[in-house]
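The values are calculated or read from the model by the stated rules, or taken from the named source; none is laboratory data. Quick caveat: nothing in here was measured; it's all calculated off a predicted structure. All Cβ positions, even for glycine, are placed from backbone atoms using ideal geometry, and neighbour counts span all protein chains on display.
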Amino acid sequence: MTCLLVIDSGNTAIKWGLVDKDKWIDKGVAMQTHRDSLGDVWGKIPEPSQVTISNVAGSLAEQSLMLIFKQLQWTAKVNWVFSKSDQCGVKNYYDIPSQLGSDRWAALIAAWSMKQQACLVVCVGTTMTVDILSNQGEFMGGIILPGFDLMQSTLINQTALLTDSSNGCFQKVPRNTQDAMVSGAIYGLTGAIEQMYSIFTKSLSHSNPKCIISGKGAQAVLPYIDIAGKEWVDDLVLEGLRIISLTDSSAIFA
């Protein structure tokens, strides 16, 4: 069996998947604070023929992953993905294409491969990104804002009286502080998504674009997004890394 290991090293967690062409064999996740545990986990899977990584967690995460591969004595080539100006059918119109996060780039490539039409691509994690992908596969731009947990922790850490929201729930018109904190975050996230969708359809003249939502925080906001045909897709970044690895190795840098 010839397997590919794809790794999405994010700000808070590392998600990974072992895939044989288009068949997922195994998947897992580890917090960045416990990434050393991945050595034991990966020691129990078949050795991959190639490892492809998106890393937005900085140099320490990169060094830790390389140390794990060395300890496992893998001979597989390790590739680090960076955003390009044109790849896998997607054109990158960022002012400086290489500055687009590799996780956002992989998600856009996965969305285009799946839909081949205009999409609003939403990834909800430590941060939330909302990116516009045109009918021609052009990444036209997008926004970044704090995710749900980061909003809550900022309120708790930066104020004197807002100390806890763990028992809060969404209410259209909240009548207690914990509900107000939770509802405010959900309104902020869903409002950003809906505003970008409105800009996409009205200012950029795209009718009925798809809205794809992924990420560990997606389920917290998905029920409250007022967009017809919204669709949750699991592990969008991993799927994008799989596509990049199998179709465009020229855009991967060792």
Among the residues listed as 7, 96, 68, the single one being modelled with pLDDT of 95 or more and touching a Gly at 6+ places or on another chain (Cβ under 6 Å): 68
Does residue 54 satisfy being farther than 20 Å from residue 110 by Cα, outside any loop (DSSP other than H, G, I, E, B) and of a type in the set (S, T, N, Q)? no
Restricting region 226-254 to residues that are among the acidic types (Asp, Glu) and either modelled with pLDDT of 95 or more or under 15 Å from the mean Cα position of the chain (by Cα) (or both), the residue that is nearest to residue 188 (Cα to Cα): 226
Report yes if residue 151 is buried (at least 20 other Cβ atoms within 10 Å of the Cβ), closer than 17 Å to residue 224 by Cβ, touching a residue at least 24 places away in the same chain (Cβ under 8 Å) and in contact with a Gly (Cβ under 6 Å, 6 or more places away or on another chain), otherwise no. no
Return the pairs, sorted by first residue and then second, in which the second residue is surrounded by 17 or more Cβ atoms within 10 Å (Cβ to Cβ) and charged (D, E, K, R), the first residue lies in region 56-82 and is free of Cβ contacts under 8 Å to residues at least 60 places away in the same chain, the beta carbons are less than 8 Å apart, and the residues are 6+ apart or on different chains. 56/103; 61/35; 64/35; 65/35; 68/35
State whether the residues of region 200-210 include one that is assigned to a strand (DSSP E or B), in contact (Cβ under 8 Å) with a residue 40 or more places away in the chain and either over 15 Å from residue 130 (Cα atoms) or assigned by TED's automatic domain parsing to the domain that holds residue 189 (or both). yes
What number of residues within region 167-197 are under 19 Å from residue 124 (Cα atoms), without any contact (Cβ under 8 Å) to a residue 60 or more places away in the chain and out of contact with any Cys (no Cβ under 7 Å at 6 or more places or on another chain)? 13
Given the condition assigned to a strand (DSSP E or B), closer than 17 Å to residue 246 by Cβ and either in the same structural domain as residue 188 (by TED's automatic domain parsing) or hydroxyl-bearing (Ser, Thr, Tyr) (or both), answer yes or no: does some residue in region 88-110 qualify? yes
